[in-house]
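The values are calculated or read from the model by the stated rules, or taken from the named source; none is laboratory data. Keep in mind the model is a prediction, meaning the values are calculated, not measured. Glycine also receives a Cβ, built like all others from the backbone with ideal geometry; neighbour counts cover every protein chain displayed.
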Amino acid sequence: MNRGRQVYELKVSLRGSRPLIWRRFQVLNDVTLFRLHSILQIVMGWTDSHLHQFLAGHIYYGKPEPEYGADHEDDRRTRLSRVLYRPKDAMVYEYDFSDGWEHILVLERIVEPVTGAQCPPRMLAASVDTTSSCRQWPTRVILNIAR
């Protein structure tokens, strides 16, 4: 498969939520994990007021801190395509360590970017959320963070 610039269609689900809270969105495969964190903040409606980390396999990605240990890598230097590269590949995104909000992030499909089309990130679908204003996110806000 071509490992050049591609569009990843991802589904993120908040582990343990009932009913399940999920979002489907697209990003470019060359986005850094740190940028993906920013996108996830908007997609999920969080306020970026807590620490975060990704876990793929046995490797943690996030802000480098000595107490994270030797397996912790810098999310500002790691591209999404290095961690997820085939449909059904998955990783964990943890936000707010004290509350332990774990999200499962799954690569659902890969598509080639269309020349001249609006580039991701782009929100595609979401679970119905009647308890917050999350259901009213404008797509243009998500698009602006990728630039």
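Taking the criterion of being touching a residue at least 40 places away in the same chain (Cβ under 8 Å) and not in a strand (DSSP E or B), would at least one residue in the range 54-71 satisfy it?
No; the residues of the range 54-71 include none that is touching a residue at least 40 places away in the same chain (Cβ under 8 Å) and not in a strand (DSSP E or B).
Across the range 6-31, which residue is nearest to PRO113 (Cα to Cα) among those that are touching a Ser or Thr at 6+ places or on another chain (Cβ under 9 Å) and in a loop (DSSP other than H, G, I, E, B)?
GLN6
So for the range 92-103 (the condition being at pLDDT 70 or above, aliphatic (A, V, I, L, M) and either assigned to a helix (DSSP H, G or I) or in contact with a Leu (Cβ under 6 Å, 6 or more places away or on another chain) (or both)), does at least one residue qualify?
Within the range 92-103 (the criterion being at pLDDT 70 or above, aliphatic (A, V, I, L, M) and either assigned to a helix (DSSP H, G or I) or in contact with a Leu (Cβ under 6 Å, 6 or more places away or on another chain) (or both)), the answer is yes, since at least one residue qualifies.
Tell me which residues, restricted to the range 104-126, are within 16 Å of GLU9 (Cα to Cα) and at pLDDT below 80.
PRO113, VAL114, ALA117, GLN118, CYS119, PRO120, PRO121, ARG122, MET123, LEU124, ALA125, ALA126
Out of VAL27, VAL92, report the one residue that is in contact with a strand residue (DSSP E or B) (Cβ under 8 Å, 6 or more places away or on another chain), at negative phi and buried (at least 17 other Cβ atoms within 10 Å of the Cβ).
Just one listed residue meets the conditions, VAL27.
Determine which single condition ARG5 fails, assuming it passes every other condition in (1) at pLDDT below 90; (2) buried (at least 19 other Cβ atoms within 10 Å of the Cβ); (3) farther than 22 Å from PHE97 by Cβ; (4) of a type outside the set (A, V, I, L, M, F, W, C).
Of everything listed in (1) at pLDDT below 90; (2) buried (at least 19 other Cβ atoms within 10 Å of the Cβ); (3) farther than 22 Å from PHE97 by Cβ; (4) of a type outside the set (A, V, I, L, M, F, W, C), ARG5 misses just condition (2).
Quick check on the range 36-73: of everything there that is touching a helix residue (DSSP H, G or I) at 6+ places or on another chain (Cβ under 8 Å) and either β-branched (Val, Ile, Thr) or exposed (fewer than 14 other Cβ atoms within 10 Å of the Cβ) (or both), which residue is nearest to VAL12 (Cα to Cα)?
Here the answer is VAL43.
Here's a check for you: in the range 74-89, which residue that is of a type in the set (Asp, Glu) and at pLDDT below 95 is surrounded by the most Cβ atoms within 10 Å (Cβ to Cβ)?
ASP75
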